[in-house]
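Undergrad: Structure below; questions to follow.
The values are calculated or read from the model by the stated rules, or taken from the named source; none is laboratory data. Quick caveat, the model's predicted, so the values are computed rather than measured. Backbone-built Cβ (ideal geometry, glycine too); neighbour counts: all protein chains shown. Side chains are part of the model used for accessible areas, which takes the heavy atoms of the whole protein and leaves out ligands, DNA and RNA. Shrake-Rupley method; radii C 1.70, N 1.55, O 1.52, S 1.80 Å.
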Amino acid sequence: NAARNYNLNPSWVGKEAARLAVSALKTKSVDTKSGKVILTQFALQDLLAYTLINAIRADSVQRDQSPFKGKIGEKIASENLTIYDDGLFAGGLRTWAFDGEGVPHQKTAVIENGILRNFLYDNYSAKKDGKKSTGNASRAGYLSTPGIDTTNFHIMPGSKTSDEMLGEVDDGLIVYYLQGAHSSNPVSGEFSVVATPAWKIKDGKITHCSRGVMLAGNIFELLKNISVVGGNERQMGQLISPWIQVENVKVIAQ
């Protein structure tokens, strides 16, 4: 793909990995309560892959396995949230000329300022609804049957830097990685995941690392409680996203 972005910074990757490793030493406990949580790209990718992405697939909607059925044009998330599925994103890891059925890739509005705009279609699901494919047919190889999948799932960034986001949190957590997201309920949106490790934020600064912290809730309620979308955009597999801050997330100390 001529559009692929090879602008990598291995020095930054090494320094960031070392910083996270050192900061994960000498863990302390946190309190069980609901509060502010900043989700980084790794955590978001895990959580959304098993919940939101399933809910916007047209085949899930047609099988009554999506809570978004019949809600096109309705507010289903915070007005801070805008998401496009963009198969034409410059440098995207899933940027190609066409999908697994030969349909040209395109940029499809999924959520705009909290309003649900479109579902993602392949040819089969599109014909069932009398629509056109959005270019989201995916296949593992020529012998496999096409299925619906995202291309580049792009959460549009805001303007705040990482330091600004952290500086505005008086009491909360920042989560880089999740375990157990695959056990989330894709229909109801219920999740219970281990944030390992998570870092405590107090008065705008990261104070210590905590292991064994669980996050529980519902992804569709979480979308409504997004208070800040950062400007620190980064690509992580199919996801292109900045950090996201969510209010009233249930944090369970183990």
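Undergrad: What tally of residues in segment 9-32 results from selecting those that are modelled with pLDDT under 70, open to solvent by 100 Å² or more (accessible area, probe 1.4 Å) and either assigned to a loop (DSSP other than H, G, I, E, B) or in contact with a Gly (Cβ under 9 Å, 6 or more places away or on another chain) (or both)?
TA: Total meeting the criteria: 1.
Undergrad: Further question: Scan segment 217-234 and give yes if some residue there is at positive phi, crowded, with 16+ Cβ neighbours inside 10 Å and either aliphatic (A, V, I, L, M) or touching a Phe, Trp or Tyr at 6+ places or on another chain (Cβ under 8 Å) (or both), otherwise no. I'd like the intermediate steps shown before the answer.
TA: Within segment 217-234, the subset at positive phi is 217.
Still in the list and also crowded, with 16+ Cβ neighbours inside 10 Å: 217.
This time we only want the ones that are either aliphatic (A, V, I, L, M) or touching a Phe, Trp or Tyr at 6+ places or on another chain (Cβ under 8 Å) (or both), so: 217.
Yes, there is a match, as at least one residue in segment 217-234 is at positive phi, crowded, with 16+ Cβ neighbours inside 10 Å and either aliphatic (A, V, I, L, M) or touching a Phe, Trp or Tyr at 6+ places or on another chain (Cβ under 8 Å) (or both).
Undergrad: May I ask you to list the residues in segment 188-216 that are of a type in the set (Val, Ile, Thr) and either more than 30 Å from Asn54 (Cβ to Cβ) or exposed (fewer than 15 other Cβ atoms within 10 Å of the Cβ) (or both)?
TA: So the first thing to find is which residues in segment 188-216 are of a type in the set (Val, Ile, Thr), and the list is 193-194, 196, 201, 206-207, 213.
Result: Ile201, Ile206, Thr207.
Undergrad: Name, by its number, the condition in (1) part of a loop (DSSP other than H, G, I, E, B); (2) in contact with a helix residue (DSSP H, G or I) (Cβ under 7 Å, 6 or more places away or on another chain) that does not hold for Gly70.
TA: Evaluating Gly70 over (1) part of a loop (DSSP other than H, G, I, E, B); (2) in contact with a helix residue (DSSP H, G or I) (Cβ under 7 Å, 6 or more places away or on another chain) leaves (2) as the failure.
Undergrad: Here's another thing I want to ask about it. Where residues in segment 99-144 are part of a strand (DSSP E or B) and among the hydroxyl-bearing types (Ser, Thr, Tyr), which of them is most open to solvent (accessible area, probe 1.4 Å)? Don't jump to the end; show me each part of the working.
TA: Filtering segment 99-144 down to residues part of a strand (DSSP E or B) leaves 104, 107-112, 115-116, 120, 137-138.
Filter once more, so that each one left must be among the hydroxyl-bearing types (Ser, Thr, Tyr): 108, 138.
Working: Thr108: 7, Ser138: 50 Å².
That would be Ser138.
Undergrad: Does segment 73-92 contain at least one residue that is under 18 Å from Val229 (Cα atoms) and among the small types (Gly, Ala, Ser)?
TA: First, the residues of segment 73-92 that are under 18 Å from Val229 (Cα atoms): 75-85.
From the residues that got through so far, the ones that are among the small types (Gly, Ala, Ser) too are 77-78.
Within segment 73-92, one or more residues are under 18 Å from Val229 (Cα atoms) and among the small types (Gly, Ala, Ser).
Undergrad: So which of Gln245, Gln254, Gln235 ends up being over 26 Å from Val110 (Cβ atoms) and either within 15 Å of the chain's Cα centre (by Cα) or in a loop (DSSP other than H, G, I, E, B) (or both)? Walk me through how you get there before you give the answer.
TA: Numbers: Gln245 fails: over 26 Å from Val110 (Cβ atoms); Gln235 fails: over 26 Å from Val110 (Cβ atoms).
When all the criteria are applied, what remains is Gln254.
Undergrad: Something else: I want to confirm something. Restricting to segment 145-181 and keeping residues that are part of a strand (DSSP E or B) and under 21 Å from Glu79 (Cα atoms), which single residue is most open to solvent (accessible area, probe 1.4 Å)? Explain how you work it out, then say what you get.
TA: Within segment 145-181, the first condition is being part of a strand (DSSP E or B), and the residues that meet it are 147-148, 153-155, 160, 171-175, 178-179.
Still in the list and also under 21 Å from Glu79 (Cα atoms): 153-155, 160.
Details: Phe153: 2, His154: 16, Ile155: 4, Lys160: 64 Å².
If we take residues in segment 145-181 being part of a strand (DSSP E or B) and under 21 Å from Glu79 (Cα atoms), then Lys160 is most open to solvent (accessible area, probe 1.4 Å).
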